[in-house]
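Structure record follows, encoded as structure tokens.
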Amino acid sequence: MKQVLYIIEFVGNNVFLFLRSLLHIGTLHRQCGRVVEQAFFIGYTTLPIISILSIFIGAVLALQSGFTMRNTPGAQNFLGAIVGLSMCRELGPVMACFLLAGRVGSSITAELASMKVYNEVDALVTMNIPPERILVLPRLVATALVMPLLTIFSIVIGWYGGVIVVEHVDFITIDANTYWTNLKQFVRYDSVKDGLIKAELFGILVTLICCHEGLHTEGGPREIGRAVTRGVVSSMIVILFLDYFVTKVLL
């Protein structure tokens, strides 16, 4: 029963935080600097790790699929479709959001939790400055702007990871041209669109959850680490839980 109540409270608090942030959308034009700063932090600093993860995910996917289909005549011709659709619909957006939770979400939670513990958030409230306006809204908008770009980057890098394996592994009998031709044949605009929808939704949820955990931190400095753990773990659980339902709706 306690777990159910906790989940209801968790969902309700995040919904209210999101709605309170949207109330200040009219001030966004005065916060362009904050939005650009957060977009740079969320996007540019996450690119290296997304590059490394995506290229190896695409490579491993092509390697495993090629090995499984090596004894089936003509099956390896579909490696492009397997890697292309998997990266578009699932691995690209989900892995990008996982990295967002681990790389950016942890930093957001730590920063806001520190401000809450050391009474900086209370000082903003005392000065009649809503924390949702300057601490949450710019991060949500920056995430919404950057996540599609990060996801497309992840998808394309994953495709190139697959073609590297196709060209250099002996038991894979197709060439790069066959790989790309098959990929183009099966990967449609809707496949990329579905991945971008997932990334946008999950990215906003990650940022929202991490902001919520940071702003609701209570106690001393020790609680900052616990808040970071809660923020990252909760974000990943929500992504995995919603991934099935979002995928089913988009199919």
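Between the Cα long axis of helix 176-186 and the first principal axis of the chain there is an angle of about 60°, rounded to the nearest 10. Build a GNM of the chain with springs between Cα atoms under 10 Å apart, and of Arg30, Arg133, Arg103 the one that fluctuates most is Arg30. In whole angstrom, note down how far apart the Cα centers of the range 1-40 and the range 75-143 are. Cα centres, the range 1-40 to the range 75-143: 11 Å. Using the rule -39500 (n - 2.57) for each DSSP H run of four or more residues, divided by the residues of the chain, the 222 nm mean residue ellipticity is -25500 deg cm²/dmol.
Who wins for biggest fluctuation among Gly80, Gly12, Gly102 in a Gaussian network model of the chain, springs between alpha carbons below 10 Å? Comparing Gly80, Gly12, Gly102 in a Gaussian network model of the chain, the most mobile one is Gly12.
Order these by the 10 Å Cβ neighbour count, fewest first: Ser86, Ser154.
Going from sparsest to densest Cβ surroundings: Ser86, Ser154.
The equivalent ellipsoid that matches the C-alpha gyration tensor of the range 159-251 spans semi-axes of 40, 18, 10 angstrom, in descending order.
Of the residues Leu137, Leu22, Leu79, the one that moves most in a GNM of the chain with alpha-carbon contacts below 10 Å is Leu22. Show me the GluC sites (Glu not before Pro) within the range 185-251 that DSSP assigns to loop and that have at most 13 other Cβ atoms within 10 Å of their Cβ. Taking the range 185-251 and a limit of 13 other Cβ atoms within 10 Å, the loop GluC sites (Glu not before Pro) found are Glu218. Taking only Cα atoms, what is the 0 to 90° angle, nearest 10, from helix 47-68's long axis to the longest principal axis of the chain? Once rounded, the angle reads 40 degrees. Straight-distance candidates among the aspartates and glutamates for linking to Lys248, with alpha-carbon spacing under 18 Å and chain neighbours fewer than 8 residues away dropped: Glu90, Asp190, Asp194, Glu200. Which value results for Rg/Rh of the range 2-250 when Rg is the Cα radius of gyration and Rh the Kirkwood radius based on the inverse mean 1/r? Checking Rg against Rh, the ratio lands at 1.07. When the range 144-251 is described by a simple charge dipole with +1 on each Lys and Arg Cβ and -1 on each Asp and Glu Cβ, the residue from Pro148, Gly220, Tyr189 located farthest towards its positive end is Gly220. For Val187, nonlocal amide neighbours, meaning residues 5 or more places apart or on other chains whose placed amide H falls under 5 Å from its own, do not occur. With the convex hull of its Cα atoms as the shape, the range 93-205 has an orientation-averaged projected area of 8.9 nm². Full extension of the chain segment joining Phe241 with Arg188 gains 16.5 nm, where the gain is 0.36 nm per residue of separation less the Cα-Cα distance.
Karplus-based coupling profile of the range 230-241, in residue order and whole Hz: 4, x, 5, 5, 4, 4, 5, 5, 5, 4, 5, 5, with θ = phi - 60° in 6.51 cos²θ - 1.76 cosθ + 1.60 and x standing for Gly or Pro. Residue-wise HN-Hα couplings along the range 136-146, as the Karplus relation 6.51 cos²θ - 1.76 cosθ + 1.60 with θ = phi - 60° gives them from phi, are 9, 4, x, 6, 5, 5, 4, 5, 4, 6, 8 Hz; Gly and Pro carry x. Within the range 190-251, none of the chymotrypsin sites (Phe, Trp or Tyr not before Pro) combine a DSSP coil assignment with at most 11 other C-beta atoms in a 10 angstrom radius. For helix 189-215, what angle does its Cα long axis make with the longest principal axis of the chain, in degrees from 0 to 90 and rounded to 10? Result, in degrees: 30.
No lab work stands behind these numbers, since they all come straight from the coordinates. None of these values were measured; they are calculated from a predicted model. Heads up, the Cβs are rebuilt from the backbone with ideal geometry, glycines too, and the neighbour counts pull from every protein chain shown.
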